[in-house]
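Every read-out reported here was derived from the displayed coordinates using simple, explicitly stated rules and does not represent laboratory data. No experiment lies behind these values; they were computed from the predicted model shown. Glycine gets a Cβ as well: all are built from the backbone with ideal geometry, and neighbour counts include every protein chain shown.
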Amino acid sequence: MPSETFSSPTSIPPVATAQSALPEARRRVGMWWLLAAQVLFVLAVAVAGYATGALGETITLHTTPIDPRDLNYGDHLNLSYSISQIPGGLWKGGALPRRKQAVYVVLEPQQDRYEAVAVYSQEPAVPAGQVVLRGWVNDVFRRSMRLRYGFEKYYVPAEVGRKLKPKQLLRVQVSIAPWGQARIKQVDILPSPKQAKAPL
């Protein structure tokens, strides 16, 4: 009978240490990039907020009556403005806007505050004395539309919250940057005839 020949098992060479360390090094580099991106984002937000306050044009708005009971659920008030509910006759576009659509509200001073005089689907050129504030459509009704502007929440310190009364009106100073971003600069409690102005 022919003799059987058995070959010795083939040995598997060990994986090089450098090759096994490569994925770990890439993962660490990726984590550093992610951390750097987060830091840059925070810095960009802070710089944009500062630039908006420093370079923006300041306008004065009035809120509709607020409900101090909002503070029972946190330290922020939900603000609604006199320009939040826009009459449908101010719409200058063709078809009515859709929900979440960006719109451009033309404001002009009336007595001690700015009020809306027109709403466009594209940013218009306006004469001196008027400003354009970008908003977004929340709801569209038969004769009006409800807009939001991105500065409806306002932090209220506890000691100030105690001064607020039901149906309180507020005067809000808003800074509008040349690139369209807007932020609250100051909020004042509108005085009753027997009150002096109390800054928040």
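Points worth noting:
- Among residues other than Trp179 with Cβ under 15 Å from its Cβ, the summed charge is 0 (Lys and Arg +1, Asp and Glu -1).
- The amide H of Val103, built 1.01 Å from its N in the peptide plane, has Gly135, Trp136, Val137 as neighbours under 5 Å, considering only residues 5 or more places off or on other chains.
- Protection proxy ranking of 138-150, 88-100, 174-186, by the mean of other Cβ atoms within 10 Å over each peptide's residues and highest first, is 174-186, 138-150, 88-100.
- Listed peptides 105-111, 159-165 by packing density, highest first (mean Cβ within 10 Å): 105-111, 159-165
- Value of relative contact order over segment 57-199, rounded to a whole percent, pairs C-alpha under 8 Å and six or more apart: 29
- HN-Hα J in Hz across segment 125-130 - Karplus 6.51, -1.76, 1.60, θ = phi - 60°, x for Gly and Pro: 7, 10, x, 4, x, 10
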